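Q: Before I ask anything, let me first share the structure, which is written out below as structure tokens.
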Amino acid sequence: MGISRKGVSYSEDLRLRVVDAVDNGMSKMKAHQTFQVSRSTIDDWLKLRAETGSVLDKPRVRRGKAPAISDWAAFEAFTTRHSGATLAQIATAWESETGQKLSQNTFSVMLRRIGWTRKKSASSIENDVKPNEPNSCSD
């Protein structure tokens, strides 16, 4: 209800001015033209006020599961201790230290959330083809 075209909620002040104008006799069409708010949004605000006593949207409820890791300070300390480990090694170490089994993907997401990146350096990748050996794929 009451979402603008860009997905940002209208201010409480604007909502109150529009609803007050309608309450004081301005037609919904004139309010729509004056305040540049759609008719359906004005209807939504009036309905919301009738139901809740306020023109403010109901607080949004977070959907989905709660984050698997809630103590971010402890997680950062853990990742610092295991900074050279692979995701599989981190997952194993986390399970042995906390008793909580989490997937490698969960660790990947959580590491990104605290600003860590997991990149291989160019020097850590071995080349199977030696510089002076002919490539077996070429004919």
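Q: Could you give the semi-axes, largest first, of the ellipsoid that matches segment 72-116, computed as the square roots of 5 times the alpha carbon gyration tensor eigenvalues and rounded to whole Å?
A: In descending order, the three semi-axes are 14, 12, 10 Å.
Q: Which value, in debye to the nearest 20, gives the size of the charge dipole of segment 12-52 about its Cα centre, when Lys and Arg are +1 and Asp and Glu are -1 at the Cβ?
A: The calculation lands at about 180 debye.
Q: Over the residues of segment 12-52, compute the C-alpha Rg and express it relative to 2.2 N^0.38 Å.
A: Normalised Rg, Cα atoms only: 1.01.
Each reported figure results from applying straightforward, stated rules to the coordinates on display, with no laboratory input. What you are looking at is a predicted structure, and each value in this text was computed from that prediction instead of being measured. Every residue, glycine as well, gets a Cβ built from its backbone with ideal geometry; the counts of neighbours run over all protein chains shown.
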